[in-house]
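The values are calculated or read from the model by the stated rules, or taken from the named source; none is laboratory data. Only a predicted model underlies this, so the values are computations on that prediction, with no experimental measurement involved. So basically every Cβ, Gly included, is an ideal-geometry build from the backbone, and we count neighbours across all protein chains shown.
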Amino acid sequence: MLPQNKRVDSETLAFLLTQKPSKIGQTEYLRVLVYKNTDSHKLPRICFIAPKKKYKKATTRNLLKRRGFSLVEEHKKLFKNGYIYIFFFQSKITTFFVIKKEIEALLKKINIA
């Protein structure tokens with residue numbers, strides 16, 4: 001799990017979702033919204049959202065979030081300082097490696113990494 005200072009808190013998330021993102025990227029399984037960080041936090045901050053409409057069981061939603069955060073730990077260098085990344089799981093994802101490929105593809109697609 002990421003340290004608290006690298007995760008997005010609920011107040012910040014609620015505010016950001018009402019704002020226009022700096023960049024948007026989408027693949028078959030994931031969507032990412034990237035915001036310029038205006039807070040004093042200069043570290044990249046990351047959030048994973050697995051909607052309850054698509055993933056009915058809490059254990060499945062938590063599993064996806066844990067997998068996402070563990071991939072962030074492995075690929076810290078792909079995330080630039082001063083940005084907030086919000087990842088949405090779009091459809092059913094089968095394996096850890098699919099999530100890994102999707103995150104890498106999204107970061108290359110939005111040209112921040």
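Summary table
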| quantity | calculated |
| --- | --- |
| Boolean, PHE48 is in contact with a Gly (Cβ under 7 Å, 6 or more places away or on another chain) and closer than 14 Å to ARG31 by Cβ | yes |
| Selection count where residues are surrounded by 14 or more Cβ atoms within 10 Å (Cβ to Cβ) and modelled with pLDDT under 90, scope segment 27-36 | 2 |
| Residue, nearest to LYS108 (Cα to Cα), within segment 37-53, restricted to residues that are modelled with pLDDT of 90 or more and surrounded by fewer than 17 Cβ atoms within 10 Å (Cβ to Cβ) | PRO51 |
| Pair list, Cβ < 8 Å and 6+ apart or interchain, from segment 36-56 residues that are without any contact (Cβ under 8 Å) to a residue 40 or more places away in the chain and assigned to a loop (DSSP other than H, G, I, E, B) to residues that are exposed (fewer than 15 other Cβ atoms within 10 Å of the Cβ) and charged (D, E, K, R) | LYS54/LYS92 |
| Segment 1-12 residues that are farther than 16 Å from VAL34 by Cβ, paired with ones that are among the aliphatic types (A, V, I, L, M) (beta carbon under 7 Å, 6 or more apart) | LEU2/ILE46; LEU2/VAL72; ASN5/LEU43 |
| Residue within segment 60-73 that is among the basic types (Lys, Arg) and not in a helix (DSSP H, G or I) present | no |
| Of all residues in segment 78-94 being at pLDDT below 85 and out of contact with any helix residue (DSSP H, G or I) (no Cβ under 8 Å at 6 or more places or on another chain), the one that is farthest from GLN19 (Cα to Cα) | THR94 |
| Any hit, segment 75-90, residues being more than 20 Å from ASP9 (Cβ to Cβ), of a type in the set (Ser, Thr, Tyr), touching a strand residue (DSSP E or B) at 6+ places or on another chain (Cβ under 9 Å) and surrounded by 11 or more Cβ atoms within 10 Å (Cβ to Cβ) | no |
